[in-house]
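The values are calculated or read from the model by the stated rules, or taken from the named source; none is laboratory data. Quick caveat, the model's predicted, so the values are computed rather than measured. Note that each Cβ is placed from the backbone with ideal geometry, even for glycine, and that neighbours are counted across all protein chains shown.
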Amino acid sequence: MHSRLIHSKFFRNVVTLMSGTTLGQIISLAVYLILSKIYTPGDFGVFALYMSILSITNITATAKYELAVMMPREEHKGLNLTGLSAVISVVVSLLLFCLVLFFNQSIARMLGNEQIAPWLYLIPLSTLLNGFYQSLNYWSNRKKRFRTMTTASLGQSLTNSSVKVGAGFMVAGPFGLIIGSLAGQITGFFVFLQQFLKHDRNRIPDINQRDMRSLAKEYYRFPKFNMLHGVTNNFSGSLPVFILTSWFSSAAAGLYSFGFTMIFRPMSLVTTAFSQVFSQRVITKENAGQKILPDVRRLLVKMFQFSFIPFGIVAIFAPQIFKFVFGPEWETAGTYTRILIPWLYLVFLSAPFSFLPDLFKVQRRAFFIDVIKLVVRIIAMAAGVHSGDIILTLIYFSTGSLLVTAYQLVWFYSLARKADLLKTEKSEEKT
C-alpha cells in the first residue's frame, strides 16, 4: 500500500508542490528565530492586525471566481474565468484605495489600534497582488504546472523572509514585517506572470468581455456564496486578533499570532499541496463519472496516520518548545498555541476536502455552516472577554471552533459518499 502511494503520480505531484514550498517555509519559519529577537510582541500585534484586514479584503479581490477556473471542461472557459478574476481584482482594489484615502483614521480608531493607520494605505496594493496571484495560481493548477506553483511559492517565501530580516535591522517597529509581506507578494506574482506570458501569450486574445460576462452568470454561486462564505470564514478566523487587540493588548494579539503562525504555516503547507493535487484529481474523476469516495477515504486515513504524533507533541510541550527555541518572552505564545491544537488538528484533516462543496454546488450550506461558526466564536469570545481572562477566552474560542470543524469534516465525507451512491444508482438504471 505504502509503496504504491509513494510511486503514484498523485504522490509525485504532491512532492513537487511541497519540495520548493517546504524549503521556503522552513526558511521562513527558521527566520522567526531572528524575527523574535528584532521585533516585539507589539510589532507582531500590528502586523497580525494588518494581515487580518488583508485576509478579508483578499476574499473580495476576485469575488472567488478563481475557484471556478478548474471547473469547466473547456479550456477557453477556464482562461476567461482567470481573466474575469483579474479584472475584478483591479476594480476592488480601486474601491479599497478610495475607502482608505477618505476614512483612514476612522478605520484605525474602529480597529482599536491607531498604529495601523499608515499601513492601511498598502491594503489596496496587497489586495490587487493577491488577486492576480490567486488567479494565475489556479490557472497553473488547471494546466498542471506544479513546478511553476512551487517556484512562485518558494520565491514569495524567500523574498518575504529576507526583507523582513533586513528591514528589521534598519527600521524599528512593524515596518519590516509588513513591507516583507508585500515584497513576497510581488515576487510570487511575477513568477506566475512570466510563465503565463511564456506559455499562454498567444491565447490572451481569447479572453473577451462577452465570455467573461457569460461565465460570471454561469458561475454566479462563487460570488454569491463562496465570497460571502470566505469573508465570513476569514473574519471568523481573524476574530481573536481583533478581540485581543481591542480588549486586551496589541502584545497579546502578537503573542497569539506568533504562536498560531508557527503551527499553521507548516500545517497549511501540507494541506495546500494535498488539496491542489487532490482537487485536480477528484474533479477529473467526477467529470468522468468515476467514484471518488475511495480517494477521499484513503487520503483521510493517511493524513491521520502521519499527523497524530506531531500534533500530540505540540499539544503537550508547546510552552517549553517556544521558550527553548525563541526565548522566555515567547513562552506565553506556546501556551496560547497548546490551547488551539485540538481545533487545528481537525482543520488539518478537513482542509484538503474543502473544495467538495464547490464541486457539488452546495455552497449555500457551506456558507450557512460558516455563519454558525462565526456566531459560535463571537459568543465564545464574548464570554471570555466578560471573564477578563485571556486563557479562558482562547479555550472557549478553540472549543467552539472544534465542534463546528468536526461537523464540517463529517459533511465533506458524506458529500463524496452521496455522489458515489448516485453514480451507482445511475449505473444500475442503465443495466
**Asked** Among 414, 387, which is the only one that is closer than 30 Å to residue 68 by Cα and among the polar types (S, T, N, Q)?
**Response** 414
**Request:** Can you tell me which residue within segment 359-381, out of those that are of a type in the set (Val, Ile, Thr) and over 17 Å from residue 410 (Cβ atoms), is surrounded by the fewest Cβ atoms within 10 Å (Cβ to Cβ)?
**Result:** 379
**Item:** Which listed residue, of 190, 132, is assigned to a helix (DSSP H, G or I), within 26 Å of residue 29 (Cα to Cα) and in contact with a Gly (Cβ under 9 Å, 6 or more places away or on another chain)
**Value:** 190
**Asked** Which condition does residue 141 not pass, out of (1) more than 29 Å from residue 243 (Cβ to Cβ); (2) touching a residue at least 12 places away in the same chain (Cβ under 8 Å); (3) over 20 Å from the mean Cα position of the chain (by Cα), if it passes all the others?
**Response** (3)
**Prompt:** Which residues, counting only those in segment 248-278, are among the polar types (S, T, N, Q) and at pLDDT below 85?
**Reply:** 268, 271, 272, 275, 276
**Prompt:** Within the group 196, 192, 146, which residue is within 30 Å of residue 408 (Cα to Cα) and in contact (Cβ under 8 Å) with a residue 24 or more places away in the chain?
**Reply:** 146
**Prompt:** Taking into account only those residues within segment 193-220 that are surrounded by 18 or more Cβ atoms within 10 Å (Cβ to Cβ) and closer than 21 Å to residue 60 by Cβ, which is modelled with the lowest pLDDT?
**Reply:** 219
